[in-house]
Amino acid sequence: KVFFRAGKQNAKWGVGYFFSPADLISIGRIDPLDPEAEREGPLALKIHYPQGSNNYYTYLLLDKARKAEEIAVAPKLEYVLGRAELGLGGFYQKDKAPRMMLTLSTSLGESALFAEAVVSKGSDKHFFENGLPVKKDGYFFHATIGATFKFEDPAGFFDFSGAAQYYYDGEGTGFGSQIFRPEDKHNLAAALSWNKILKSKFSASALWLTNLSDRSGLVSTTFTLPSLGSIAPSVGFSLNHGGPETEFGLGGRHKTVFVAVTLGSGSF
């Protein structure tokens, strides 16, 4: 059997938590500050052929396509190998850099392990050298590896969950001047949550994001208070560091104390 789905739809190709370069077709990107938020998907025709535990997909991406030759094509294969799943996909669109991606996800006890790799022929970014625009036609590489874990003692006093991920961006990005540079870029992210602290209704979490290349970063902590029905209040503190031309220091150094309220599935 072959299944078809047409319209605006969630795709989520990648397996990464904070970063997912292998998600070649989603319009929205992961926000490392809220990695579990839903991402905007493409307007597409999805063709799906399942065969046992394996899956074969073809996406025809229709966003901004006014002519047939402007439609992007993105095939993807998913293979189950024991406790692991291997994904292989590609993206092609006229006047865009073609890309290939590889994903791997598996588990080890209570931990989930994942990795992604992407290679592109050329880049859709704009590079500058000595103040002049240049075109880069070589190969660019992206890779990421990480893990998520969960631990809970039998008594339920210590309920921990967390994630850590490293991301290598071979295209590189400039932030202060909004100029893209072809230098390598290295990012690291880690988060840790203590849920229902000592079997109470309080929870706490901490997040660390850093750009290892420009030595900038962000640290954020959140303390969640007991819910009142569908209302879940929380308080937190965040601190960023880095120079004015760095990823996290672009707007200057700030220390922020914040209060948040979640109503059902939304927050403000």
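What to note about this one:
- Computed FRET value (nearest 0.05) for residue 184 with residue 230, which takes r as the C-beta separation and R₀ as 30 Å: 0.10
- Potential lengthening between residue 113 and residue 237 on full extension [0.36 nm per residue; Cα-Cα distance subtracted]: 41.7 nm
- The aspartates and glutamates within cross-link reach of residue 1, meaning a Cα-to-Cα straight distance under 19 Å and a gap of 8 or more places when in the same chain, are 78.
- The chain: most fluctuating residue of 163, 155, 191 per GNM, C-alpha cutoff 10 Å: 155
- A probe of 1.4 angstrom, applied to the heavy atoms of all protein chains, finds residue 186 with accessible area near 60 square angstrom.
- Pairs from 46/136; 96/121; 8/76; 76/136; 8/64 whose Cα-Cα separation, in the structure shown, is over 20 Å: 46/136; 76/136
- The residues of the chain expose, per residue, 58 Å² of accessible area to a 1.4 Å probe.
- Among the protein heavy atoms of the chain, carbon and sulfur supply 61% of the accessible surface, probe 1.4 Å, non-protein parts ignored.
- Counting DSSP beta bridges with both ends in the chain, the antiparallel % (nearest 5): 100
- Backbone N under 18 Å from the residue 158 label point (7 Å along Cα→Cβ), restricted to region 88-119: 110-111
- Placing a label point 7 Å from the Cα of residue 204 along the Cα-to-Cβ direction, the residues of region 129-172 with a backbone N closer than 18 Å are 151-153, 156-163.
- Net charge of the neighbourhood of residue 136, taken over other residues with C-beta under 9 Å away and scored Lys/Arg +1, Asp/Glu -1, is 0.
- The Cα center of region 1-46 and the Cα center of region 55-88 differ in position by 11 Å.
- Stretched out straight at 0.36 nm per residue, the stretch from residue 104 to residue 262 would grow longer than its current Cα-Cα span by 53.5 nm.
- In straight-distance terms, cross-link reach from residue 199 covers every one of the aspartates and glutamates whose alpha-carbon lies under 12 Å from its own, apart from those fewer than eight places away in the same chain; here that gives 152, 153, 159.
The values are calculated or read from the model by the stated rules, or taken from the named source; none is laboratory data. Everything numeric in this text was worked out from a predicted model, so none of it was measured. Neighbour counts run over all protein chains shown; Cβ positions are idealised from the backbone, glycine included. All accessible areas refer to the heavy atoms of the entire protein, side chains included, with ligands and DNA or RNA removed. Shrake-Rupley method; radii C 1.70, N 1.55, O 1.52, S 1.80 Å.
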